Amino acid sequence: MTTIDDRSAVRLPDRLLIGGEWRSGSAGTVADLNPATEELLVDVQAASAGDVDQAVQAARAQLDGAWGATPGAERGRILNRVADLIERDAEHLARLEALDVGKPVGQPSMLDVPNAIATFRHFAGWADKITGSTIPTAGYFGRPTHSYTVREPVGVIGAIIPWNTPLMISGWKLAPALAAGNTVVVKPAEDAPLSTLHLAALLQEAGLPDGVVNVVPGRGDVAGAALVAHPDVDKISFTGSPEVGRTIQVTAAETFKRVTLELGGKSPQIVLADADIEAAVNGTAMGLFFNQGEVCAAGTRVLVHRSVYGQVVEGLAGAARAQVLGDPFDGATTMGALVNAKQRDRVLSYIEAGRAEGATVAAGGGRPDGKGFFVEPTIFADANNAMRIAQEEIFGPVGTVIPFDDPAEAVRLANDTRYGLAATIWTRDVAAAHTLAGQVRAGAVWINGWAAIDPALPWGGMKSSGIGRELGWSGILANTEEKTVTVVL
Ligand code: ADP
């Protein structure tokens with residue numbers, strides 16, 4: 001296995017891609033750090049509003065030109081080639097992701113990279129199957145009519161990517177957009193642009209015409225804001241914080257842009273009294289600690305029936321203590337570093353808030369000595385749902401375990417949040433599982449397994465977790481406009 005020290009042998013991507021050319025940006029550079037060592041990986045070129053404008057123009061030209069006339073079957077062939085190339089570069093992409101995000105390299109190998117491959121394959125399949133319908137009508141002033149609908153691309157799509165799982169989310173935004181015939185300007189996150197830039201090189205290699213996908217790394221409040229405000233961008237697809245999501249929706253309203261927003265959550269994991277407790281503890285721990293807890297669907301509120309509460313707290317505390325923090329390239333490491341110092345300090349401040357509010361630290365609660373933005377996996381017991389650690393998204397390895405006395409109370413607690421992205425239910429009782437699944441307000445409900453995601457399944461949140469759905473047929477709907485055609489016969 002490659003270690004971090006071997007990274008100097010790898011040339012890291014650091015430029016903008018506009019109209020098929022890899023170029024410098026005109027807004028200086030953004031330092032991209034290795035979260036596990038705090039060392040500089042590379043200074044990445046940063047796009048200005050002018051660069052973003054050129055990227056949008058390149059995307060618009062392709063929409064009105066060759067790409068706009070490319071049949072779905074050909075778009076599908078290109079997307080399948082992209083999937084093959086990601087598969088070819090799987091190890092390299094996993095390393096880039098580990099290096100940039102700070103996560104153990106085994107995790108992108110197991111999830112992010114295979115998910116990106118599957119997403120491109122899934123949408124390659126849709127590309128030549130985007131159909132409308134024929135609709136009978138009452139006619140037009142006594143004359144019969146023939147009416148049908150077609151689905152057309154939305155246009156130029158601005159895709160704004162977060163730093164936690166950038167390859168996977170770039171795939172979630174690019175594959176459906178391209179399958180449906182759109183062109184795209186991608187704004188990667190400041191802290192982790194490398195895998196998205198490598199993916200852009202693979203899109204070129206797969207034969208995607210120049211300008212169909214452009215990548216403008218840079219600052220959110222410069223390049224990202226310019227993309228959102230640009231009058232010739234038709235839609236913004238954003239994954240990130242609710243604060244930035246709100247700014248985006250407000251700005252997008254000025255030009256009536258379509259938006260898809262995925263904004264995180266405070267997802268409950270409900271453990272009923274009859275659950276397989278060992279499976280529930282293992283699965284719940286994964287929902288807390290995978291990707292250092294930097295997951296929008298992290299199951300950070302663990303709601304446990306009082307009869308098994310002590311057992312689950314003990315199990316989760318044990319799972320927290322068993323995590324091995326360290327070098328993401330060491331095979332023994334199970335948890336890496338948080339993405340940057342700001343994120344580490346934010347997580348530590350929530351741990352302090354939990355203590356101050358009277359919750360009990362059952363495991364963790366601090367940070368290890370030495371370099372790297374590491375925080376100990378932490379379990380809070382004796383918590384209640386009104387505490388900040390139960391209401392606010394922490395985006396780190398911190399779980400809040402809250403007891404309940406009956407399933408109705410579990411549902412009330414689960415829904416007592418401004419978020420609604422995901423929920424997990426642990427039970428052996430089929431009727432209870434489906435009843436609770438119907439009562440929990442969340443875009444995705446998983447029974448007996450955390451984060452059972454798939455490119456065929458719609459993904460997105462209710463309430464403050466966002467607007468719209470990505471993936472599956474819903475991903476095609478989100479990337480197309482419906483047009484009605486009527487012939488008066
Ligand atoms: P986090 O808080 O997890 O870092 P953000 O929501 O701040 O997540 O960032 C997600 C993405 O949004 C990043 O690519 C970031 O550069 C971008 N971004 C940040 N601010 C803005 C903005 N004002 N307009 C558009 N994009 C932005």
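The values are calculated or read from the model by the stated rules, or taken from the named source; none is laboratory data. The structure presented is a predicted model; accordingly, all values stated were derived computationally and were not measured. In this analysis, Cβ positions are derived from the backbone assuming ideal geometry, glycine residues included, and neighbour counts consider all displayed protein chains. These area figures cover heavy atoms from the full protein model, side chains too; ligands, DNA and RNA do not enter into them. Shrake-Rupley method; radii C 1.70, N 1.55, O 1.52, S 1.80 Å.
Observations, loosely collected:
- The chain - percent of accessible surface contributed by carbon and sulfur, probe 1.4 Å: 53 percent
- Placed amide H near residue 239: partners under 5 Å, 5+ positions off or other chain: 160, 262
- When the pairs 257/342; 103/463; 103/129; 187/483; 103/173 are compared against a 26 Å limit on Cα-Cα distance, 257/342; 103/463; 103/129; 187/483 fall above it.
- Interatomic Cα distance distribution for the range 180-308, bins of 5 angstrom, percent: 2, 9, 14, 15, 14, 12, 10, 8, 7, 5, 2, 0, 0
- Taken over the range 355-430, the convex hull of the Cα atoms encloses 131 Å³ per residue.
- 5 angstrom amide H check on residue 424, placed H, neighbours 5+ away: 269, 270, 446
- Amide H partners (placed H, <5 Å) of residue 481, local residues excluded: 152, 154
- Residues in the range 472-489 carry Karplus couplings, in order, of x, 4, 4, x, 5, 4, 5, 10, 9, 10, 9, 10, 9, 10, 10, 9, 8, 7 Hz; the curve used is 6.51 cos²θ - 1.76 cosθ + 1.60 with θ = phi - 60°, and Gly or Pro positions show x.
- Cα pair distances exceeding 22 angstrom across the range 74-169, given as percent: 50 percent
- Each residue of the range 281-287 is assigned a 3J(HN,Hα), and the resulting list reads 5, 4, x, 5, 4, 4, x Hz, derived from the Karplus form 6.51 cos²θ - 1.76 cosθ + 1.60 (θ = phi - 60°), x at Gly and Pro.
- Formal net charge of residues neighbouring residue 462 (Cβ-Cβ distance under 11 Å; K, R +1; D, E -1): +4
- Both numbers refer to the Cα atoms of the range 264-412; Rg and Dmax are 14.4, 46 Å.
- The chain - accessible surface per residue (Å², probe 1.4 Å): 37 Å²
- Mean separation of Cα pairs under 8 Å and 6 or more residues apart, divided by the residue count, gives the chain a relative contact order of 19 percent.
- If R0 equals 41 Å, the separation of the Cβ atoms of residue 483 and residue 418 corresponds to a calculated FRET efficiency of about 0.65.
- Principal axis analysis of the Cα atoms in the chain yields extents of 71, 63, 39 Å, listed in decreasing size.
- Estimated [θ] at 222 nm from DSSP helical runs (n ≥ 4, -39500 (n - 2.57)) normalised by residues in the chain, nearest 500: -11000 deg cm²/dmol
- For the range 198-214, the Karplus equation 6.51 cos²θ - 1.76 cosθ + 1.60, evaluated at θ = phi - 60°, returns couplings of 5, 4, 4, 5, 5, 4, 4, 4, 6, x, 5, x, 3, x, 5, 10, 10 Hz by residue, with Gly and Pro reported as x.
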